[in-house]
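Structure record follows, encoded as structure tokens.
Readers should treat all values here as calculations from the given coordinates under stated rules, not as data from a laboratory. Not measured: the values here are computed from a predicted model. Because the Cβ atoms are built from the backbone with ideal geometry, glycine has one as well, and the counts that use them run over all protein chains shown.
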Amino acid sequence: MAEKNPAVYLADMVGACEKILRYCENRTVTEFIDDTLLFDAVLRNLTVLGEAAGRLDRPWTARYPDVPWGRHHGHSPSGRA
């Protein structure tokens, strides 16, 4: 299977972040913790974010060493997958 253009994964990541920000806007930590629907929605989008980041290939992410891809990209802290 051919790899997708990184822009597709980046768009998924941005979309997930935008949803999380929108869902949590004007909410306190207590409201967030107490609202299971909100909590689950945020958790789902964090999963989308992590999965999209994990699909970016290593040569592409290596071009951006300032981004802490780490465990979000299936890398261990030592740099070994």
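Brief remarks on what is shown
- Put a dot 7 Å past the Cα of Val29, heading toward its Cβ, do the same for Thr47, and the two dots end up 2.5 nm apart.
- Relative contact order for region 6-57: 58 percent, from Cα pairs under 8 Å spaced at least 6 residues apart, divided by residue count.
- Rounded, prolate or oblate (a/c below 1.5 giving rounded, otherwise prolate when a/b exceeds b/c) for region 6-57 by Cα gyration tensor: prolate
- Ranked Leu37, Leu56, criterion: other C-beta atoms within 10 Å, fewest first: Leu37, Leu56
- Using the Karplus relation 6.51 cos²θ - 1.76 cosθ + 1.60 with θ = phi - 60°, the per-residue 3J(HN,Hα) values for region 57-67 come to 6, 4, x, 5, 5, 5, 6, 10, x, 6, 7 Hz, with x marking Gly and Pro.
- Computed from the C-beta positions of Leu21 and Asp57, the FRET efficiency with R₀ = 22 Å rounds to 0.20.
- In terms of other Cβ atoms within 10 Å, Thr61, Thr30 run from fewest to most in the order Thr30, Thr61.
- Exposure proxy order (Cβ contacts within 10 Å, fewest to most) of Tyr23, Tyr64, Tyr9: Tyr64, Tyr23, Tyr9
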